[in-house]
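Read the structure below first, then the notes.
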Amino acid sequence: MISPVMPVYKRADLSFTHGEGPYLFGADGRRYLDFAAGIAVNAFGYAHPHLAGALTGQAQKTWHVSNIYRIPEGERLARRLCGLSFADTVFFTNSGLEAFECAVKVVRKYFSATGRPEKTRIICFQGCFHGRGMTAIAASKTEKMAGGFGPLIDMFDQVPYNDLAAVEAAITPATAAIALEPVQGEGGLRVATDAFMRGLRALCDRHGLLLVADEIQCGLGRTGRNFAYEWSGASPDVMCLAKALGNGFPVGACLATEKAAQGMTIGTHGSTFGGNPLAMAVGNAVLDLVEKPEFLPQVQRMGDYFRRRLEEVRRAFQGAFDDHRGRGLMQGLRCVNAEHHLRLVAALRDAGLLCVGASDQVIRFLPPLNIEEKHVDEAAALMHKIIAETI
Ligand SMILES: *Cc1c(COP(=O)(O)O)cnc(C)c1O
């Protein structure tokens, strides 16, 4: 018999009663150090007083009003996101996939509005993940994501990641945009090289294409910069955010330059819930924390520290891990043996350390961004012990 909750997730037999900072407390009475953070969502951990206060404060006023009225908190969050980034304008969504959907609509509309309606196709990358909507799964093209859901919209041309020559070769008169994750999350923590990002920017400029960055997982401080594209010095024209933006309250955003968004006029897009006052109050509170001067230096310091400790783990188990990937506080180890991959994720979980699998046999660590050395030390100690016992 089918379960009342549609059985699309393979769930661990584990639930939680509450959380505090980087820890979750299980219904089993045990404490878990959360280095998955809701898959890069809980960037400031659990029960953060400033965020909880913003949510409950707004909950006493209005949860929702329609987008047919002005929403001052949303206007403020949009101004702040533009101030932090390359963008001039923002559309708020409830999820990552909706942010990506909006980005695709911005691209299509830009070319129709500027008299080039034949430019409809988007170049994307092997291993990409842009969400589970029909548009996003058409980009991913894998059997796991798209099998049985066809016919898929035919508008994505997929090429290998970090291969600029392949991108250039894939450009045709129908190409409208290039869309990439500056660090692939689900795809296995591959990092776009700075030269690749700059090369994509140059190709877009030369061919009149738009560059779309999906920073849903890697944005908002995760790599040690506000946005991962900043490491390269090359800015996109359109960017998707979600995950950390609400620290667990569902909110996403599609950011664009004035030029790229020129087709997005009244009536071209919308969302009932997107940008409602509750989401905007939490989003502004998250930005209060992101904008603190000590925040990014601390993420960079912890990212470097975690890199050193994870490198020790890799060296301690010669031959078990053949790659250590990622940037800032999104890092992972690639298992040589496919069998070890999910077995280790489960064993670490059972021992009290939450992490998450990714494609390509990568064990992925996405701790809250406000962790301290002692949390990294605790995670590293558990890894040494559990890996030794498990493989
Ligand atoms: C999680 C994720 C998405 C999808 O977000 P949802 O909120 O699950 O729809 C899209 N792109 C990237 C890079 C992601 O990590």
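Within region 138-164, the residues that satisfy the criterion of being among the hydrophobic types (A, V, I, L, M, F, W, C) and away from the ligand (no atom under 11 Å from the Cβ) are ALA138, MET145, ALA146, PHE149, LEU152, ILE153, MET155, PHE156, VAL159, LEU164. All of (1) in contact with a strand residue (DSSP E or B) (Cβ under 8 Å, 6 or more places away or on another chain); (2) away from the ligand (no atom under 16 Å from the Cβ); (3) hydroxyl-bearing (Ser, Thr, Tyr) hold for THR265 with one exception: (1).
Considering every residue within region 110-119, establish whether at least one is within 14 Å of the ligand (Cβ to nearest atom), closer than 19 Å to CYS240 by Cβ and of a type outside the set (Gly, Ala, Ser). Checked against the condition, which is being within 14 Å of the ligand (Cβ to nearest atom), closer than 19 Å to CYS240 by Cβ and of a type outside the set (Gly, Ala, Ser), region 110-119 yields no hits at all. Quick check on region 179-190. Is at least one of its residues open to solvent by 60 Å² or more (accessible area, probe 1.4 Å) and more than 14 Å from the ligand (Cβ to nearest atom)? Taking every residue of region 179-190 in turn, none turns out to be open to solvent by 60 Å² or more (accessible area, probe 1.4 Å) and more than 14 Å from the ligand (Cβ to nearest atom). As a summary of the residue check, ILE363 satisfies the conditions (1) assigned to a helix (DSSP H, G or I); (2) aliphatic (A, V, I, L, M); (3) surrounded by 17 or more Cβ atoms within 10 Å (Cβ to Cβ) except for the one numbered (1).
Hey, any hits in region 218-231 for a residue that's modelled with pLDDT of 95 or more, more than 16 Å from PHE86 (Cβ to Cβ) and assigned to a helix (DSSP H, G or I)? The answer is no, given that none of the residues of region 218-231 is modelled with pLDDT of 95 or more, more than 16 Å from PHE86 (Cβ to Cβ) and assigned to a helix (DSSP H, G or I). Given the structure, is PHE306 crowded, with 19+ Cβ neighbours inside 10 Å and not assigned by TED's automatic domain parsing to the domain that holds PHE100? So PHE306 passes the test. Remark: GLY274 matches the filter, which requires a residue to be under 18 Å from VAL41 (Cβ atoms), open to solvent by less than 20 Å² (accessible area, probe 1.4 Å) and either out of contact with any helix residue (DSSP H, G or I) (no Cβ under 6 Å at 6 or more places or on another chain) or in contact (Cβ under 8 Å) with a residue 60 or more places away in the chain (or both). Counted as qualifying within region 82-163 are the helices (runs of 4 or more DSSP H) with 1 or more residues that are open to solvent by 10 Å² or more (accessible area, probe 1.4 Å) and over 24 Å from GLN184 (Cβ atoms), namely 96-113.
The values are calculated or read from the model by the stated rules, or taken from the named source; none is laboratory data. Computed from a predicted model, the values in this text were never measured in an experiment. Every residue, glycine as well, gets a Cβ built from its backbone with ideal geometry; the counts of neighbours run over all protein chains shown. SASA here: full protein model, heavy atoms, side chains in, ligands and nucleic acids out. Shrake-Rupley method; radii C 1.70, N 1.55, O 1.52, S 1.80 Å.
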